[in-house]
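All remarks here apply to the structure that follows.
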Amino acid sequence: MEPNQSIIYKDWLNLRFHLYWCYDGKIGQDRHSPNKVQSYSEFDNNGAWLVRKGWAKVEYQNETFIAMPGQWLIPKPSSRIQSFAANTEVLSISFEASWPDGTKLLNEGLALVIDACDCPQLENKALPIAKAVKTFAPNSWDARAYPANFTEFMTLNSLLSQWLIELEKILRAQKISHSGQFDIDERVLYAIRKINEKKLSEKLDMKKLAESVYLSPNHLIRLFYENINKSPAQYYDNIRIEYAKKRLLIPDSRIQDTSLSLGFKHLSHFSKWFKKHCDQSPRDYITSINQS
C-alpha cells in the first residue's frame, strides 16, 4: 500500500490485533539465567525492543540487525534467531496484528533499527502498557496466561492502539507501509469469525460451518482458497498449532495439559498431529527451544 493510504472502514474490521506481552526489565529472567548470552528461535511475532543495557540482535537468512543502548529494534515478523547480551535490559512489546489470511499488518521493509531519541513518543506510549500488564501479571513477562477483567482488557487494547499509531507514523517516515486486505468475500469473513469463536478443544464441523453461510462444504472450501489461500481446516489448524506452541513453552506446563486443552483424548494422537505440522514431537520442540 501507499503510505497512509485509506481503505474502506469495513475492511479495517477484518484486522485482528491484540497484545501478547510488554515489560521493562531483564531478558529471560523466568526462562534462563540472565548472566549469559541468550538466543531464541521460536518467535516469529510482531514486536519491538528498546535496548536499555546490553544489545539485541535478530538474524534472518541473509541479514543481521543489532540494536545498542538507546536504540529500538523492530524485527520482521518471520522466522528468525534473536539474541541478547548477558544481563540485557529492554522495554519489550509483542503483539499480533494480522489479516484473516495471516498476512501481518507490519512486515515489508522490516527489520529496522532506530535511535530512541528520534522517536521519544514510542517509549512514552509503551511505558503505560508495561505498567498495565504488571498490574494483573506481576510475576511474568507474558500476559496471556493471566486472568484480566473487561476494564483491563479494553485498557490494554486502547493503549496498544495508541502505540501502534505512533509506530506506524515512524515507519511511514521511513517509507515503510502497512499492508492492506480488500474485498474478502463476506461469507468467508463470517465463516472465519465462526471459527475464531470456537473452543480450540472442539472439532471443526465443515458441514455445519458451510450451512451457516448457506453454502455446500466444497463451495466454502473453494471460496476460502480463492480469498485467503487456505482451507477452513488449514486455517483452524494454524490457530491450534500456534496455541499449542505457545502453551508448551509456559514454564511448568505439561504436554498432557496442552493435549487436553485441544480436545485430544490420547497424548499419542496429539503428538502425531503436532509432528505432522511442526516436523518434530512436542517434547523435541520444547527441548530444541530450551537449548537455543
Across the range 64-109, the tally of residues that are closer than 21 Å to W21 by Cβ and in a loop (DSSP other than H, G, I, E, B) stands at 13
Go through the range 110-139 residue by residue and tally those that are in a helix (DSSP H, G or I), open to solvent by 50 Å² or more (accessible area, probe 1.4 Å) and at pLDDT below 95. 3
(1) open to solvent by less than 20 Å² (accessible area, probe 1.4 Å); (2) in contact with a helix residue (DSSP H, G or I) (Cβ under 8 Å, 6 or more places away or on another chain); (3) at pLDDT 80 or above all hold for W21 apart from (1)
Among the residues that make up the range 169-184, is at least one of them open to solvent by less than 70 Å² (accessible area, probe 1.4 Å) and among the aromatic types (F, W, Y)? no
Select, from P147, P69, P77, the only residue that is modelled with pLDDT under 95 and open to solvent by 40 Å² or more (accessible area, probe 1.4 Å). P147
Near pairs, Cβ below 6 angstrom, 6+ apart or cross-chain, from the range 149-164 (in contact (Cβ under 8 Å) with a residue 24 or more places away in the chain) to any residue that is surrounded by 16 or more Cβ atoms within 10 Å (Cβ to Cβ) and part of a helix (DSSP H, G or I): L156/A132; L159/P128; L159/I129; Q162/K125; W163/K125; W163/A126
So in the range 200-253, with the set limited to residues that are over 30 Å from A145 (Cβ atoms) and aromatic (F, W, Y), which one is least open to solvent (accessible area, probe 1.4 Å)? F224
Some residue of the range 44-63 being surrounded by 16 or more Cβ atoms within 10 Å (Cβ to Cβ), modelled with pLDDT under 90, closer than 19 Å to A130 by Cα and of a type in the set (F, W, Y): no
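Table: residues versus (1) more than 27 Å from K76 (Cβ to Cβ); (2) assigned to a helix (DSSP H, G or I); (3) touching a Cys at 6+ places or on another chain (Cβ under 6 Å); (4) at pLDDT 90 or above.
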| site | (1), (2), (3), (4) |
| --- | --- |
| T155 | yes, yes, no, yes |
| S158 | no, yes, no, yes |
| S161 | no, yes, no, yes |
| K169 | no, yes, no, yes |
| R172 | no, yes, no, yes |
| I176 | no, no, no, yes |
| Y190 | yes, yes, no, yes |
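The values are calculated or read from the model by the stated rules, or taken from the named source; none is laboratory data. A quick note: this is a predicted structure, and the numbers were derived from the prediction, not measured. In this analysis, Cβ positions are derived from the backbone assuming ideal geometry, glycine residues included, and neighbour counts consider all displayed protein chains. Surface areas here come from the heavy atoms of the whole protein model, side chains and all, with no ligands, DNA or RNA. Shrake-Rupley method; radii C 1.70, N 1.55, O 1.52, S 1.80 Å.
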